[in-house]
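Q: Would you mind keeping the following structure in view while I ask a few things?
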Amino acid sequence: MADFIELHKKLHAALKTRLDLVADHAFRDRDPAAHLTALKSAAARLDAEITDLPPEIDPTLRHYLERQSYTKALAWLGEAVASSSH
C-alpha cells in the first residue's frame, strides 16, 4: 500500500506539472522556445512515470492514462492521495 501511495504522489506531481505547463499561456507567449522545452521535459517525465506503472494499477487510472485523459487522471489521483492520508 505504501508503494502505491508514493507512486500515486509521483504520478500526481508529473501530471500536474504537465497540465500546468500546457495552461501557462503567459510563459508560452513570453518565451515559446523555453515553454516548448519545458513541456517536452514534463511530457517525458510523465511518460516515464506511466511506463513504470505496475500491472496491478487501478484499471480506471490506467484507462485515463492510456487515453491521455490527464485531467481525469489527476482528479482520480487527488482523491486517492487524499483518502490514503486518512
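Nothing in this text is a laboratory measurement; each read-out follows from the coordinates by a stated rule. Here the structure is a predicted model, which means the values were calculated and not measured. So basically every Cβ, Gly included, is an ideal-geometry build from the backbone, and we count neighbours across all protein chains shown.
Q: If Lys and Arg each add +1 and Asp and Glu each add -1, what is the summed charge of the other residues whose beta carbon sits under 14 Å from the beta carbon of A14?
A: Taking every other residue near A14 into account, the sum is +1.
Q: Along the principal axes of its C-alpha atoms, what lengths does the chain span, in descending order and rounded to whole Å?
A: The principal-axis extents, from largest down, are 42, 25, 20 Å.
Q: Taking K and R as +1 and D and E as -1, what net charge do the other residues with C-beta under 14 Å from the C-beta of D47 add up to?
A: Summing Lys and Arg as +1 and Asp and Glu as -1 gives +1.
Q: On full extension of the chain, what length is gained from R30 through E6, given 0.36 nm per residue of separation minus the C-alpha to C-alpha distance?
A: Here the segment from R30 to E6 would lengthen by 5.2 nm.
Q: Something else about it: What's the extension gain from V22 to S69 if we count 0.36 nm per residue and subtract their Cα-Cα distance?
A: Full extension from V22 to S69 adds 15.6 nm.
Q: So what is the calculated 222 nm ellipticity per residue for the chain, using -39500 (n - 2.57) for each DSSP H run with n of 4 or more, over all residues, to the nearest 500 deg cm²/dmol?
A: About -26500 deg cm²/dmol.
Q: Once the other residues with Cβ under 15 Å from the Cβ of F4 are scored (Lys, Arg +1; Asp, Glu -1), what is the net sum?
A: That works out to -4.
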